[in-house]
Amino acid sequence: MATESPEEAAGRARAVLADLDGLLPEVDALYQDLHANPELSGAEVRTAGMVASCYAAAGLDVTAGVGGLGVVGVLANGPGPVVGIRADFDALPIAEDTGLAYASTAVGTRADGTTVPVMHACGHDLHTASLVGAARLLAAHRDRWRGTLVLIAQPAEETMQGAKAMLGDGLFDRFPRPDVVLAQHCAVTRTGMVHHKAGIAYSACRNFRITIHGRGAHGAAPHWSVDPVLLAAQTIVLLQGIVAREVDPDEMTVLTVGSVHAGTRPNIIPPEAVLEVTLRATSEPVIDQLQAAMERIVNGVAATGRAPRPPEIELREHTIAVDNDAAVTARVRAVHAELFGADEVIDLPEANKGSEDFAYLGADIPATMWFYGSTAPELWDAASGELRERMARMPGQHTPFYAPDRLPTLRRGVETLVGAALAYLPGRPA
Ligand SMILES: [Zn+2]
Ligand SMILES: [Zn+2]
């Protein structure tokens, strides 16, 4: 599909990016606004509205309300390939503790009506502001390329629902179907660094809510009860044997019981206990194996412990693994290496144990998702160790302390997107 050399594509990218200095203050203003006003997954009404107006101002054909709050911007620029680029825009239920002037003090309302502090702790505000910046530059320089851009602004990534909802609402039928789909995620490596990973880049994930039924009683009459707290404790311990003793040690797998809830007082044996469990693996057969083992243990413990009825095991959130197309990854990587220098483009040694619902956008279309650093050089350089050790020491994503090195990260986020888009959108014949 792409016939131009990486050097030629990077050369056009440099010409397009010549205007980035002038545009960066606007990208930064959008970023700070998004950061100060984060919204929970599926509730990104204000954010979606801002993205739609930014896309319209850039001259794109805008459709809002795709799969809920998704926004699609299309820029048709003559015959040529169709390139899809996705950025997500939801935030997390975390109280920001960065001390930044533009830190979030926002609260959001959860589905159960409770309110929680909200923070852009995964950097989706970076993704969205940089995609708007790239859209502005690519629209302004449409003489430098031909083809069609489909910009996909996605809600509800953290709950793994947004991509499926947009696809279910005809993302690839109602709008030009991309020949290639691209996305990026910020990482805690040094700003400037760009990371690629062919093949599996993010794990498959399944999140469960498990309700273990017992029989409540007075805390002083345990013999009249079926104690769900004891059943939950036994279940949690036995679940640890799945990864340790059932799965091939060569497989990257995780089973975490992240939440346990039961009871209200020491002297009341409650009627039920609720566990929340996440499973991670790099393939569907292996995550199937994890799930089957989990179900066997959950049901087995309940039956052994005289539970009055079997537990309820609900699959609440899930995604397949992100499997980056080797050719697309190599092509984008080559253009990035031209643009930033080979030293700044560093391959990731292994898949991320996190998960990303971008997997669905790239399930039937060649796709790649790369990563780019967001930590200030002084912080990164002060740490020692190899890449993964240093990453573990940085203020991490999904914590109250994630504070990206703002301007350099926004800049690199625009540059990576423009370079990747032009890797597939050819130049116009002279
Ligand atoms: Zn996240
Ligand atoms: Zn994320």
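The values are calculated or read from the model by the stated rules, or taken from the named source; none is laboratory data. A quick note: this is a predicted structure, and the numbers were derived from the prediction, not measured. In this analysis, Cβ positions are derived from the backbone assuming ideal geometry, glycine residues included, and neighbour counts consider all displayed protein chains.
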So, of the residues in region 195-214 that are closer than 17 Å to TYR360 by Cα and part of a loop (DSSP other than H, G, I, E, B), which turns out to be farthest from the chain's Cα centre (by Cα)?
ALA198
Tell me, yes or no, whether region 232-254 has at least one residue that is of a type outside the set (A, V, I, L, M, F, W, C), touching a Pro at 6+ places or on another chain (Cβ under 7 Å) and at pLDDT 95 or above.
no
Subset of region 214-247 [among the acidic types (Asp, Glu) and crowded, with 17+ Cβ neighbours inside 10 Å]
ASP227
Among the residues of region 156-206, which ones are among the β-branched types (Val, Ile, Thr) and either within 14 Å of ligand 2 (Cβ to nearest atom) or touching a helix residue (DSSP H, G or I) at 6+ places or on another chain (Cβ under 7 Å) (or both)?
THR159, VAL180, VAL181, VAL188, THR189, THR191, VAL194
Within region 105-115, is even one residue acidic (Asp, Glu), modelled with pLDDT of 95 or more and either in the same structural domain as LEU30 (by TED's automatic domain parsing) or within 16 Å of ligand 1 (Cβ to nearest atom) (or both)?
no
Might you check whether a residue that is surrounded by fewer than 24 Cβ atoms within 10 Å (Cβ to Cβ), polar (S, T, N, Q), within 16 Å of ligand 1 (Cβ to nearest atom) and at negative phi occurs anywhere in region 151-169?
yes
Qualifying position, being in contact with a Lys or Arg (Cβ under 9 Å, 6 or more places away or on another chain) and either among the aliphatic types (A, V, I, L, M) or surrounded by fewer than 16 Cβ atoms within 10 Å (Cβ to Cβ) (or both), among ILE297, ILE287
ILE287
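Yes/no matrix, rows are residues, columns are (1) under 24 Å from GLY162 (Cα atoms); (2) surrounded by fewer than 18 Cβ atoms within 10 Å (Cβ to Cβ); (3) within 16 Å of ligand 2 (Cβ to nearest atom):
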residue	(1), (2), (3)
PRO349	no, yes, no
SER355	yes, no, yes
PHE358	yes, no, yes
ALA363	yes, yes, no
GLU378	no, yes, no
ALA383	no, yes, no
Return the residues of region 105-155 that are within 16 Å of ligand 2 (Cβ to nearest atom) and without any contact (Cβ under 8 Å) to a residue 24 or more places away in the chain; say none if nothing qualifies.
none
For region 346-355, indicate whether the set of residues that are of a type in the set (Ser, Thr, Tyr), more than 24 Å from GLU7 (Cβ to Cβ) and under 17 Å from the mean Cα position of the chain (by Cα) is non-empty.
yes
Kindly evaluate PRO404 against the criterion of being assigned by TED's automatic domain parsing to the domain that holds GLY192 and in a loop (DSSP other than H, G, I, E, B).
yes
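Here is a yes/no grid of residues against (1) part of a strand (DSSP E or B); (2) under 24 Å from the mean Cα position of the chain (by Cα); (3) away from ligand 1 (no atom under 16 Å from the Cβ); (4) modelled with pLDDT of 95 or more:
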residue: ALA101; (1), (2), (3), (4): no, no, yes, yes
residue: CYS122; (1), (2), (3), (4): no, yes, no, yes
residue: HIS127; (1), (2), (3), (4): no, yes, no, yes
residue: VAL132; (1), (2), (3), (4): no, yes, yes, yes
residue: ARG136; (1), (2), (3), (4): no, yes, yes, yes
residue: ALA139; (1), (2), (3), (4): no, no, yes, yes
residue: THR148; (1), (2), (3), (4): yes, no, yes, yes
Sort out for me the helices (runs of 4 or more DSSP H) sitting completely within region 290-390 that have 2 or more residues that are farther than 25 Å from ASP125 by Cβ and modelled with pLDDT under 95.
377-382
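So that you can scan it fast, the table gives a plain yes or no per residue for (1) surrounded by 18 or more Cβ atoms within 10 Å (Cβ to Cβ); (2) in a loop (DSSP other than H, G, I, E, B); (3) within 16 Å of ligand 2 (Cβ to nearest atom):
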site	(1), (2), (3)
ASP33	no, no, no
PRO38	yes, yes, yes
ALA48	yes, no, no
ALA64	no, no, no
VAL83	yes, no, no
